[in-house]
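Remarks on the structure that follows.
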Amino acid sequence: MTQPMDLPQRLTSLLGPSAVIAEGPDLEPYAVDWRRLFPGRPACVVRPASTDQVAQVVRICREAGAAVVPQGGNTGLAGGAVPDASGTQVVLSFNRMAAIRSVDPVGLTIEAESGCILKVAQDAAAAAGRLLPISLAAEGSATIGGVVAANAGGVNVLRYGMTRSLVLGLEVVLSDGTVINGLRKLRKDNAGYDWKQLFIGSEGTLGIVTAAVLRLLPRPKHSVTALLSVRDPAAALRLLELAQDELGDQVSAFELISATSMQLVAKHAGLRAPIAEGEWFVLIEAASSLSGLREAAEAMLGSAFERGLALDGVIAESGAQAAQLWALREHVTESEAREGKSVKHDVSVPLTEVPRFLAEAGEALAAGAPGARVNAFGHLGDGNIHYNVLVDADHDASVVNRIVHDVVAAFGGSISAEHGIGQYRVGELARYRAPSEMELARRLKHALDPDNRLNPGKVLLA
Ligand code: 2HG
Ligand code: ZN
């Protein structure tokens, strides 16, 4: 058997020197996540340029007994795309496989390689007059493969669903190097098992996504963005109901932002909400191809004020102003990071329970972790709250995790709504999922990756 020592040389002789980084400072960006919370040490980084090369890399690593850690934009928040610290795992980067293979504005599909940046794919769809409705703060660096492997959420889930609902076809390399080409462009395909679902959201633990066909939508011609302040999350929820009553399925984003989040954004990004201060804020976006959207949104806002649901509010007058309102929301994560240590919780509960969840989690934290500050914000429209807790640097994160996740579990919620498990939540998943569900997951893992070579240590301990 080849020794792991030989691996970088073997990969270099196969793919050429520019495809392999075996040492030096160039390794660094691949070794640690962007928040620098999960530092690892790769055996080397390999950058294949084609699906066949990915398959060859997987086969060679398998012969060498080395694990493969697929990596896209490395923008995940759960440490799912970085190697462990053993120095034996090979990072397989997709940054040389970034082509858009086709855009079909009539068939409403886009086919792209895994390393294609999400924003590049969005722009290609837009240039064809269509919409790729996956929208997240990291879209300038997140990649199609990463978005699929993580089943990314983002701000448009309430209207368009998670990434899963937009994937029509996948190409995947299995743990033995077999290439499965399922790059079909069909809206209807009920022929046998829908195996692609296994790989979407599996975070590279069951197979390696090398290309995807995603569904496009007609591009709405008009959009309207509004920022409102509300008294409390219950009022925000009633506002959501009103927005959906009056604007129907044109509501594409409905984000909740706490006063703490706004204060952090003001402090660290210098951005301020152009409306009176409140305890909570809601950022709403609606989009449509038919005219009359703005009038409908203004009428909706009027009813919101009449009913006392909104305290203050503004509708963006231009695209630039809409971008300014969105910037407030998009700078929360970065501002939180600048503030100091935070313990992240990416949770969901049934939508109508969000206000009670926020109240009970707040009480539980005040009792169990005095001094901790809550930075809550997120995608109220789909029940996903980023319930992040700011703590002193020496605070034990697991205590805070336990307090928050116990409340989540009591509401029948999920400990990861959209960021995934990665390495960050492996223990928490095992704790909160039923043993029968974990056993099923282990059986799937064993069937597809019997030697535990694909992204080991992520999602579950095999
Ligand atoms: C968002 O919604 C992202 O902005 C990041 O999912 C959330 O920083 C976070 O916890
Ligand atoms: Zn989010």
### Query
Taking a ≥ b ≥ c as the square roots of the eigenvalues of the Cα gyration tensor of the stretch 259-378, is the shape rounded (a/c under 1.5), prolate (a/b larger than b/c) or oblate?
prolate
### Summary
Taking the dipole of the chain about the Cα centre (Lys, Arg +1; Asp, Glu -1; charges at Cβ), the one of Ser202, Val251, Gly278 that reaches farthest to the positive side is Ser202
### Task
Provide the gained length on full extension for the span Arg402 to Asp451, in nm with one decimal, where the gain is 0.36 nm per separating residue minus the Cα-Cα distance.
14.4 nm
### Query
So for the chain: antiparallel DSSP bridges make up what percent, rounded to the nearest 5?
85 percent
### Summary
Expressed to two decimals, the stretch 338-429 has a Cα Rg over Rh, using the Kirkwood radius, of 0.93
### Convex hull per residue volume in Å³, alpha carbons only, for the chain
147 Å³
### Summary
For the Asp123, Ala367 Cβ pair and Förster radius 45 Å, calculated FRET efficiency rounded to 0.05 is 0.40
#### Entry: Cα gyration tensor shape for the stretch 209-327, rounded if a/c is under 1.5, else prolate or oblate
oblate
### Top positive-direction residue, dipole computed over the stretch 35-84 with Cβ charges, set Val69, Pro39, Gly80
Pro39
### Query
In whole angstrom, how far apart do the alpha carbon centroids of the stretch 15-48 and the stretch 326-398 sit?
32 Å
### Task
Quick one: pull the percent of accessible area on the chain belonging to carbon and sulfur, 1.4 Å probe, ligands and nucleic acids left out.
51 percent
### Query
So how much slack lies between Arg184 and Glu306, counting 0.36 nm per residue of separation and subtracting their Cα-Cα distance, in nm?
38.9 nm
### Message
Could you give the length gained by full extension between Glu437 and Glu241, i.e. 0.36 nm per residue of separation minus their alpha carbon distance, to one decimal place?
### Response
67.2 nm
### Message
For Lys267, what accessible surface area do you get with a 1.4 Å probe? Give it in Å², rounded to 10.
### Response
140 Å²
### Query
Between Ala462 and Arg164, what FRET efficiency follows from the Cβ-Cβ distance if R0 is 30 Å, with the result rounded to 0.05?
0.85
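Please quote Rg/Rh for the stretch 116-233 to two decimal places, taking the Kirkwood radius as Rh and restricting both calculations to Cα atoms.
1.03
Can you tell me the order of 244-251, 187-194 when each peptide is scored by its average per-residue count of other Cβ atoms within 10 angstrom, highest first?
Highest mean packing first, the order is 244-251, 187-194.
The values are calculated or read from the model by the stated rules, or taken from the named source; none is laboratory data. What you see is a predicted model, and the numbers here were worked out from it, not measured in a lab. Using ideal geometry, Cβ is built from the backbone for each residue, glycine included, and neighbour counts are taken over all protein chains shown. All accessible areas refer to the heavy atoms of the entire protein, side chains included, with ligands and DNA or RNA removed. Shrake-Rupley method; radii C 1.70, N 1.55, O 1.52, S 1.80 Å.
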